[in-house]
Amino acid sequence: QASTGGTAVHDPARCSQVQEDSLLAWVDDLHAALAADDQLLLHFQPQHRIAETGTGGVATVVGCEALLRWEHPTRGLLGPGEVLRAAEHGHLAAAVTERVLDLALGGAARWWRDREVPVAVNLSATDLDDELLPHRIADALERHGVPARALTVEVVEDTLMLDPDRALQTLTALRSIGLRIAVDDYGTGYSSLAYLHRLPIDEVKFDRSLTAGISADPAAAVIVGHSIRLAHDLGLSALAEGIEQPADLDLLFRLGCDAVQGWLTGRPMPVHGWVTALDLAVPLR
Ligand code: C2E
Ligand code: MG
Ligand code: MG
Ligand code: MG
């Protein structure tokens, strides 16, 4: 909207040029980050089983998710958004995934001998098109000396729907190495378990948009409750993301949800903190 008499006239051509320039600067920064060894790092967020203990007790750690962070030399600690945007623009997605796998499995190697807690890594749409990915993952597992069951890969529901045949092919190859496969952000897209169950998947992760505040949202509770039963009938486990409130955890427990991941039970944390946290029992209240 051009303002009348103001200076803030919107010029789409100029604006996109500016965005382009700054994107290129981000790509340069990402090249530098990949060349450095301390800029890209992972924070680990715990996943807890709730089905066996219920709430008010102590939950068992059953996994963790590796979440990408960028310790940018001038901008400070950034989330995955900036990395992924620059990676896509600069065709660096495969290099970023390679680094993430290396960091995640390097991390797992530190705790696996004591605690067999798998680490989940997020894959992007580009990764699913990469025919070498299964080889790369097998190499990384061998390099770090951890078994395939130490690694879960998370694929966003919508990505699977972009090219279902391709997804089936890649996931089948990843499954054949022995990895666990989770469908991320479930419930945000247009797919259904009726379709997804044709893919070799082990777990559905219900998106925060469905699960946050679920105890005050009867319709969401019905949807998630039915979806959990459907998942179980198909032999899949169900994890709820983004749980911040005890009341939501209570309800998910009653709905039969297997596991939770959220600020209530643990924030994403640097690897040192995570390895320490692994030894501590987590009270749910
Ligand atoms: P995601 O895979 O669904 O990861 C969960 C996101 O929710 C994370 O955000 C996490 O910090 C946040 N979260 C966890 N519990 C809570 C909670 O209780 N409340 C709230 N409000 N948020 C919570 P993050 O780390 O910013 O990551 C955002 C997304 O970026 C991820 O969503 C994932 O899709 C993507 N991502 C992260 N790391 C990687 C990576 O290494 N590779 C790729 N390709 N994508 C990644
Ligand atoms: Mg994820
Ligand atoms: Mg998610
Ligand atoms: Mg997400």
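The values are calculated or read from the model by the stated rules, or taken from the named source; none is laboratory data. Bear in mind the structure is a predicted one, so any value in this text is a computation, not a measurement. With ideal geometry, Cβ positions are generated from the backbone for all residues, glycine too; neighbour counts draw on all protein chains shown. Accessible surface areas use protein heavy atoms only, side chains included; no ligands, DNA or RNA. Shrake-Rupley method; radii C 1.70, N 1.55, O 1.52, S 1.80 Å.
Does Asp279 satisfy the condition of being touching an Asp or Glu at 6+ places or on another chain (Cβ under 9 Å), within 27 Å of Trp111 (Cβ to Cβ) and surrounded by fewer than 15 Cβ atoms within 10 Å (Cβ to Cβ)? So Asp279 fits the description; yes.
When we screen Ala173, Ala140, Ala148 for residues that are in contact (Cβ under 8 Å) with a residue 24 or more places away in the chain and either within 16 Å of ligand 1 (Cβ to nearest atom) or more than 28 Å from His197 (Cβ to Cβ) (or both), the only hit is Ala140.
In the set Asp163, Asp202, Asp185, only one residue is away from ligand 1 (no atom under 15 Å from the Cβ), within 18 Å of the chain's Cα centre (by Cα) and either surrounded by 22 or more Cβ atoms within 10 Å (Cβ to Cβ) or touching a residue at least 24 places away in the same chain (Cβ under 8 Å) (or both); that residue is Asp202.
Kindly indicate whether any position in the range 235-250 is closer than 20 Å to Leu151 by Cα, surrounded by 14 or more Cβ atoms within 10 Å (Cβ to Cβ), hydroxyl-bearing (Ser, Thr, Tyr) and in contact (Cβ under 8 Å) with a residue 24 or more places away in the chain. The answer is yes, given that some residue of the range 235-250 is closer than 20 Å to Leu151 by Cα, surrounded by 14 or more Cβ atoms within 10 Å (Cβ to Cβ), hydroxyl-bearing (Ser, Thr, Tyr) and in contact (Cβ under 8 Å) with a residue 24 or more places away in the chain. Only a single item in (1) open to solvent by 10 Å² or more (accessible area, probe 1.4 Å); (2) more than 16 Å from ligand 4 (Cβ to nearest atom); (3) not β-branched (Val, Ile, Thr) is not met by Asn122, and it is number (2). For the range 62-89, filtering for residues that are open to solvent by less than 20 Å² (accessible area, probe 1.4 Å) and more than 10 Å from ligand 1 (Cβ to nearest atom) leaves 5.
Results for (1) within 16 Å of ligand 3 (Cβ to nearest atom); (2) within 23 Å of Val271 (Cα to Cα); (3) out of contact with any strand residue (DSSP E or B) (no Cβ under 9 Å at 6 or more places or on another chain); (4) modelled with pLDDT under 95, shown as yes or no for each residue.
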site	(1), (2), (3), (4)
Ile50	no, no, no, yes
Thr55	no, no, yes, yes
Glu65	yes, yes, no, no
Trp70	no, yes, no, no
Val83	no, yes, no, no
Gly90	no, no, yes, no
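Is one or more of the residues making up the range 216-237 acidic (Asp, Glu), within 19 Å of the chain's Cα centre (by Cα) and under 23 Å from Gly189 (Cα atoms)? The answer is no; no qualifying residue exists.
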